[in-house]
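Q: One structure is given below, represented as structure tokens, and several questions about it will come after.
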Amino acid sequence: MTKPQSILIVGAGIYGITAALELAARGHAVQVFDPGPLPHPDAATTDISKVLRMDYGSDEFYWDLMLAAFDRWDEWNKGFSRPLWHQTGFLMLSRSNWQAGGFEYDSFQVAARRGLPLETLDEQAVRSRFPAWNADLYQTGYYNPRAGWAESGEVLRQLIERCPAAGIQLHANQRFERLLENGSRVGGIQTADGTQHHAEVVIFAAGAWTPALLPHLEDVMWATGQPVYHFRAPTLADYQPPRFPVWNADIANTGWYGFPAKDDGTLKVANHGPGWRVDPHAPRLIPASTEEKFREFFRDTFPGLVDAPKIGERLCLYCDTWDGNFWIDFDPQRPGLLVAAGDSGHGFKFAPMYGEIIADLVEGRPNPWAARFAWREPGDLTHEDARFMEADGSPKRK
Ligand SMILES: Cc1cc2nc3c(=O)[nH]c(=O)nc-3n(C[C@H](O)[C@H](O)[C@H](O)COP(=O)(O)OP(=O)(O)OC[C@H]3O[C@@H](n4cnc5c(N)ncnc54)[C@H](O)[C@@H]3O)c2cc1C
């Protein structure tokens, strides 16, 4: 057992809370600070659903991480008041034949090589099994049964609920204002009410707010706004599993993805695309033209949804890193400060893995996953480049 340490965590999203629970379980004295009520309604984690899938093209690190995470999600489900991860399967359809080196092709190859039980689909299968889809356009794809979605906001709420009994001090309505530094060493934080809180380790897990609050990170991560819409499904039968599981529609080219309708008919659709760079503290505005882009997509892909009433919208924020990998490591220039952010729009699915990664770093133990998220210098922008443009749709480089 490592010597117990005093630890302050800034941010009560999924990174902060999973870290808090694991560190408290290991005997450390943990406090968590967040400006919101908990969970904070603006946190990226606080939404009705997030996709859980292992399909990551040729990037086998994330396949492995998700295969490990799925086992833990199965375990987590037993501890929730009701199952919150739903294994509905995942449908990956494309408009054109797959190309070697493309996301869909590579994903299929990896799954096949690993003996994962994917089902390939042709036009006839799309038409008969997934009738909401326009099978004239989407004729190539596969179905992966080991996937689905989780009720992310409710997961976070139930994890937060466990904190007091775990000995964690939760400080809701307490906004981080600045680090307390002694030379380069970080020894605590000051909150907006002027109170100074001292500790051996500060974990910064403020999601999309992180680079705004720690400006020395602005070169390697930034916040982007990502619109999410809720529509009312016209029927449940055609928009729920097995006919309508979690889906991607030609995602490498278009970014479109979505979820089955909930029992109340709420159907969530979003775009894992460039979004636009935002100040996380500014009001969350979605350009009026955005809804029409969703409806244009429906015209081609889900003709039955073209006139579906919009019943909700939300601008959710990614904390994009320059290379799309998460950022979980001690700051080499500021001993005592560990950053756990940079979710890059795909971080929720690995929720059961973060606590251990972060706690191992705090305790100086090796962790098999940590190297990928280590502190790094910004390099040439890669595929993340494409997920970055102004609100009017014009491309913009960092
Ligand atoms: C539109 C959208 C769709 C997504 N879809 C998926 C998906 O399908 N699958 C998937 O795996 N991932 C998805 N993600 C990514 C996922 O939501 C994130 O990876 C994850 O929720 C990030 O968690 P976090 O703890 O880093 O940040 P958050 O959940 O945002 O938590 C950060 C916390 O920091 C707090 N904070 C802010 N300022 C301060 C301050 N001054 N002091 C103290 N605390 C502060 C906030 O109040 C907040 O509670 C999606 C994200 C978005 C935006």
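Only the coordinates and a few stated rules stand behind these numbers; no lab work does. Given the structure is predicted, the values throughout are model-derived calculations rather than measurements. Note: ideal-geometry Cβ built from the backbone for every residue, glycine included; neighbour counts use all protein chains shown.
Q: Quickly work out the residue 113-to-residue 182 label distance, labels modelled 7 Å from Cα along the C-beta direction, and quote it in nm with one decimal.
A: In this crude spin-label approximation the distance works out to 5.1 nm.
Q: Okay, moving on. How much space per residue, in cubic angstrom, does the convex hull of the C-alpha atoms of the stretch 1-67 take up?
A: 128 Å³
Q: Separate question: Among 116, 21, what is the fewest-to-most ranking by other Cβ atoms within 10 Å?
A: 116, 21
Q: While we're here: Calculate, in nm to one decimal, what residue 377 and residue 64 gain on full extension: separation in residues at 0.36 nm each, minus their alpha carbon distance.
A: 110.2 nm
Q: Take residue 195 and residue 75, extend 7 Å from each Cα along the Cα→Cβ direction, and tell me the distance between the two endpoints in nm.
A: Here the answer is 3.4 nm between the modelled labels.
Q: Cross-chain or 8 or more residues apart, Cα under 28 Å: how many lysine pairs in the chain fit that? Count them up, please.
A: Count of close lysine pairs: 24.
Q: Please check which bits of the stretch 9-49 a label hung off residue 370 would reach, taking the label as a point 7 Å along Cα-to-C-beta and the cut-off as backbone N under 19 Å.
A: 9-10, 15-30
Q: Can you give the helix-only mean residue ellipticity at 222 nm for the chain, where every DSSP H stretch with n ≥ 4 adds -39500 (n - 2.57) and the sum goes over all residues, rounded to the nearest 500 deg cm²/dmol?
A: -7000 deg cm²/dmol
Q: Treating the Cα atoms of the chain as identical point scatterers in vacuum, please give the log10 of the normalised Debye intensity I(q)/I(0) at q = 0.06, 0.07, 0.10, 0.14 Å⁻¹, two decimals.
A: The Cα Debye sum returns log10 ratios of -0.23, -0.32, -0.66, -1.28.
Q: Here is a further query. Working out 0.36 nm times the residue gap between residue 266 and residue 2, then minus their Cα-Cα distance, what length gain in nm do you get to one decimal?
A: Length difference between fully extended and current span is 90.3 nm.
Q: Got a sec? Charge dipole of the stretch 6-387, +1 on Cβ for Lys and Arg, -1 for Asp and Glu; which of 170, 242, 270 is way out at the positive end?
A: With unit charges placed on the Cβ atoms, the residue in question is 242.
Q: Still on this structure, I have one more. Which is farthest toward the positive dipole end of the chain among 4, 294, 280, measuring Cα position about the Cα centre, with Cβ charges +1 (Lys, Arg) and -1 (Asp, Glu)?
A: Value: 4.
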